[in-house]
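Laboratory data are not the source of any read-out in this text; all were calculated from the coordinates shown. Note that the structure is predicted; figures quoted are calculated from it, not measured. All Cβ positions, glycine included, derive from the backbone under ideal geometry; neighbour counts span all protein chains shown.
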4 protein chains.
Amino acid sequence: MIKVTVWNEFQHEKTDADVAAIYPKGIHGAIAEFLGRNEEIQVRTATLDDPDCGLTQDVLDDTDVLIWWGHMAHDRVPDDVVVRVKESVLKGMGMIFLHSGHHSKPFKALMGTTCNLTWREDGDMERVWVTAPAHPIVQGIGRYFELDGEETYGEPFGIPEPDEVIMIGWFSGGEVFRSGCTFHRGNGKIFYFQPGHETFPIFYNENVQKIIHNAVYWAKPVLRIPELLCPHVKKPGTENE
Amino acid sequence: MIKVTVWNEFQHEKTDADVAAIYPKGIHGAIAEFLGRNEEIQVRTATLDDPDCGLTQDVLDDTDVLIWWGHMAHDRVPDDVVVRVKESVLKGMGMIFLHSGHHSKPFKALMGTTCNLTWREDGDMERVWVTAPAHPIVQGIGRYFELDGEETYGEPFGIPEPDEVIMIGWFSGGEVFRSGCTFHRGNGKIFYFQPGHETFPIFYNENVQKIIHNAVYWAKPVLRIPELLCPHVKKPGTENE
Amino acid sequence: MIKVTVWNEFQHEKTDADVAAIYPKGIHGAIAEFLGRNEEIQVRTATLDDPDCGLTQDVLDDTDVLIWWGHMAHDRVPDDVVVRVKESVLKGMGMIFLHSGHHSKPFKALMGTTCNLTWREDGDMERVWVTAPAHPIVQGIGRYFELDGEETYGEPFGIPEPDEVIMIGWFSGGEVFRSGCTFHRGNGKIFYFQPGHETFPIFYNENVQKIIHNAVYWAKPVLRIPELLCPHVKKPGTENE
Amino acid sequence: MIKVTVWNEFQHEKTDADVAAIYPKGIHGAIAEFLGRNEEIQVRTATLDDPDCGLTQDVLDDTDVLIWWGHMAHDRVPDDVVVRVKESVLKGMGMIFLHSGHHSKPFKALMGTTCNLTWREDGDMERVWVTAPAHPIVQGIGRYFELDGEETYGEPFGIPEPDEVIMIGWFSGGEVFRSGCTFHRGNGKIFYFQPGHETFPIFYNENVQKIIHNAVYWAKPVLRIPELLCPHVKKPGTENE
């Protein structure tokens with residue numbers, strides 16, 4: 001059993017009728033639904049307006065993989081929540097950042113960089129190319145898949161060099177973007193995945209669903225520790241080490 | 001001309017006679033002295049007790065490479081100074097973190113990890129091995145160099161995978177440590193160098209001096225930008241792009 | 001079921017009584033024995049003196065993970081065997097190189113570098129430190145483990161920057177070495193593990209066995225392809241693509 | 001003074017009138033011409049039909065940076081030349097591989113992988129995006145530059161994870177490609193740059209020229225050694241070490 005928490009800012013869906021029409025149960029609801037079809041995955045959701053953003057220490061300790069979507073209200077996530085999330089990753093929790101989550105506080109805190117990019121909203125077609133065919137996250141995807149419309153993200157993307165660039169996006173208007181990037185930080189694995197603008201039905205796309213589903217398996221913890229320590233030690237091999 | 005600012009917490013030297021005896025002008029003074037012998041390098045120093053830690057935006061904008069030593073008072077560095085330093089690196093400033101600077105706020109903010117390690121103070125001899133002989137930072141160093149006494153740092157070192165591990169330390173008591181690590185974040189280059197405990201005359205060692213001197217040249221900016229932007233763009237090739 | 005082929009040069013055991021006394025069934029026999037205790041692993045062995053080194057295309061196609069030990073007869077491995085092994089890795093087969101396998105033809109062909117190092121045979125004690133505690137290969141190992149006697153390997157180790165350095169060795173005589181290194185090349189995963197000199201009973205050590213056992217699981221293929229192609233393609237999205 | 005040798009297969013120009021019309025002095029001649037305008041660079045050329053491909057040990061020992069263009073006759077480069085070139089890089093010589101040089105023997109030998117890709121010849125427009133604006137090789141280039149026509153290269157590109165992906169190409173027909181990749185192997189630095197098909201006047205493009213010119217400076221040796229050794233050593237610190 002893999003325990004997944006899907007966190008969504010859940011603001012656009014409450015204030016924008018077009019977005020609400022696409023995601024009547026919220027983006028978190030859409031993601032929880034397709035992941036929940038797998039009986040090995042136990043899904044919970046949490047949103048910005050929940051107490052403590054729904055991300056208490058108890059919830060995080062009980063989460064194997066945290067999925068994060070945020071956009072218009074990054075600043076409203078309290079810093080203590082950010083610290084808890086970041087430290088949970090360093091202890092071993094897996095984390096998947098979607099689309100505009102590139103500018104979320106936890107992603108920026110884990111990367112240490114601006115995570116800036118260029119962007120346009122012209123409804124470009126995007127073709128997402130697989131650059132690392134043997135990576136577990138892209139199994140079942142062909143050479144590429146297409147999204148009829150998506151917000152355009154462009155390079156340079158202000159991230160540290162990823163462990164692997166596993167997908168690169170081609171936009172019909174002329175940009176490219178490192179759309180699938182893996183990182184590990186402390187004991188935790190991190191996957192950034194670019195598709196997912198709120199005004200397009202991206203999370204109903206079967207390739208997008210397959211990739212997120214694969215990423216849940218890839219990101220689940222190998223080792224999880226209770227505390228982050230910088231220990232004073234004895235000389236190795238001494239009796240009271 | 002390379003403009004270097006040497007930042008030292010400068011607390012041990014004021015409160016501990018043994019440290020003061022080793023570094024009568026402070027650790028920053030010792031570093032500034034050997035760097036200043038090179039006429040191509042213009043050195044300035046700054047310390048914790050200076051207004052704004054001596055690190056105003058003007059000083060940072062006028063600094064090519066910032067060297068950082070801190071240990072007992074990491075928490076007293078104000079967060080706005082940390083943000084300024086971090087953003088200066090992302091804009092292009094080079095940065096060298098020495099020894100216990102692994103736990104400084106700017107290093108942790110740039111790495112996104114705990115930067116934890118294990119440690120002992122038993123006066124171990126350290127032999128620092130060069131693992132990347134062609135790296136600019138280790139030119140003039142042989143296969144290894146030795147420090148008669150040093151605080152022992154041990155793995156695991158809680159950092160992201162470095163761009164290159166260029167030195168590994170062997171401690172007589174039994175530990176190993178990735179003692180020389182390079183990173184790049186945004187436009188800036190970062191070097192972490194492990195030797196330099198305050199109770200040993202490490203910064204008078206000619207190999208240590210040569211390495212820091214080389215690192216200044218290595219870390220100086222290639223490109224420096226005035227602002228960190230996430231721009232809304234026009235379609236490439238359009239008239240008003 | 002994971003299909004493992006253990007390849008051993010198998011020369012020292014035939015010509016040196018001391019080695020034969022330690023490994024009466026050969027190094028391959030010792031490794032096959034402890035892996036074979038796990039019913040999920042199906043082990044086969046192959047040696048230099050077998051026809052085609054025991055590594056026909058059929059054998060390789062039927063191998064998930066190939067383990068390689070060689071030392072005194074690297075040059076006697078025919079080039080066509082080397083090409084088959086290398087291409088099998090690029091197609092997806094996992095591979096584990098042990099100890100002096102650093103100078104085997106397949107390892108050098110996959111790395112593209114000299115794979116040189118420094119070495120001494122003084123019976124040093126080695127303490128192998130875990131530097132990446134969350135890596136699957138080191139699960140069940142503590143902070144470190146010790147080998148009473150081992151050939152000493154020292155830096156610089158002439159390899160490309162590994163994906164991850166997961167272990168570093170400390171030798172009582174004064175050297176350090178990147179003892180556990182992971183790489184991926186094409187579709188295949190590669191693990192280099194330094195312990196295993198033929199004159200010491202290294203492969204009976206329970207930590208060494210645990211690490212090799214873990215590595216078999218880690219290296220097993222995610223994707224395996226029948227051919228290595230550089231295809232002429234049609235424009236994406238066209239009918240006859 | 002930087003000593004550059006430009007190696008060109010020089011076959012298309014002799015057999016194809018269209019190519020000869022674009023490059024009357026050969027591709028090597030065109031590259032040598034723009035590099036030679038800089039008085040700090042001393043350029044020599046060499047081609048496949050020269051004795052020893054023009055790449056004797058003396059020539060290589062006297063070369064700081066070797067530039068390589070090849071396409072239709074990769075197999076005609078003798079293996080001993082390949083070994084010499086590869087070993088020169090590992091000793092410290094810089095190397096720049098252009099376009100179809102991705103399938104040259106020296107590139108494949110240094111990478112250890114297939115270096116395969118997908119390709120089409122439909123005269124696509126290519127827009128090359130800078131993904132690492134602070135890298136020395138892309139200084140003076142804007143956010144991107146365009147090539148009116150170029151052979152299309154597509155992912156997946158069968159290389160080891162580069163040190164840095166500094167450019168990504170967008171092709172009008174729909175593909176993406178990691179067009180600028182840096183590596184280091186042994187003491188040598190390697191740059192792969194995708195533009196340069198023989199049927200387009202790519203090497204007269206000012207951005208392409210600027211990038212190759214920058215790359216020459218970037219790739220010049222930091223350390224160059226006369227021999228590749230795997231030395232038997234004495235214990236460090238012993239008298240006769």
Over all directions, how big on average is the projection of the convex hull of the alpha-carbon atoms in segment C:127-166, in square nanometres? 3.6 nm²
Quick one: with label points 7 Å out along Cα→Cβ, list the inter-copy distances for D:MET1 in nm, shortest first? 3.3, 6.8, 7.5
Chain D: calculated mean residue ellipticity at 222 nm from DSSP helix runs of at least 4, using -39500 (n - 2.57): -7000 deg cm²/dmol
Chain B, relative contact order in percent, only Cα pairs under 8 angstrom and at least six apart counted: 20 percent
In terms of the Cα gyration tensor, with a ≥ b ≥ c the square roots of its eigenvalues, is segment C:67-197 rounded because a/c is under 1.5, prolate because a/b exceeds b/c, or oblate? oblate
What gaps in nm, shortest first, separate D:ARG224 from its twins in the other copies when you place the label 7 Å past Cα toward the beta carbon? 3.3, 4.7, 5.6
Taking N as the number of residues in the protein assembly as shown, what value does Rg over Cα atoms divided by 2.2 N^0.38 Å take? 0.93
So, over other residues within a Cβ distance under 11 Å of B:TRP7, counting Lys, Arg +1 and Asp, Glu -1, the net charge is -1
If I model a spin label as a point 7 Å beyond the Cα along the Cα-Cβ vector, how far apart are those points for A:LEU229 and B:ASP58 in nm? 4.8 nm
With the 8 Å Cα cutoff and a minimum separation of six or more residues, segment D:69-166 has a relative contact order in percent of 28 percent
Tell me the relative contact order for segment B:9-94 as a rounded percent, counting alpha carbon contacts under 8 Å between residues six or more apart. 29 percent
Find every distance from the label point of D:ASP80 to the corresponding label point in the other copies (7 Å from Cα along Cα→Cβ) and write them in nm, one decimal, shortest first. 2.4, 7.1, 7.5
Please find, in a Gaussian network model of chain B (springs between Cα atoms separated by less than 10 Å), the residue of B:ASN187, B:ASN205, B:ASN214 whose mean-square fluctuation is greatest. B:ASN205
Checking segment B:2-69 for GluC sites (Glu not before Pro) in a loop per DSSP with at most 13 other beta-carbon atoms within 10 Å yields B:GLU39, B:GLU40
Considering only chain D, pick the residue with its Cβ nearest the axis of the rotation onto chain A, and state the distance in whole Å. D:VAL176, 3
Would you please calculate the Kirkwood hydrodynamic radius of segment D:1-113 over all C-alpha pairs and express it in Å, rounded to one decimal? 14.2 Å
Anyone know which of A:VAL83, A:VAL65, A:VAL216 comes out most mobile in the 10 Å Cα GNM of chain A? A:VAL83
Rough spin-label spacing in nm, given labels placed 7 Å along Cα→Cβ, for D:GLN139 and A:ASP80: 4.8 nm
With Rh as the Kirkwood radius over Cα pairs, chain B has Rg/Rh of 0.99
Neighbour net charge for C:LYS91 - beta-carbon separation under 11 angstrom, K R +1, D E -1: +1
What whole-number distance in Å separates the alpha-carbon centres of segment B:155-207 and segment C:75-114? 33 Å
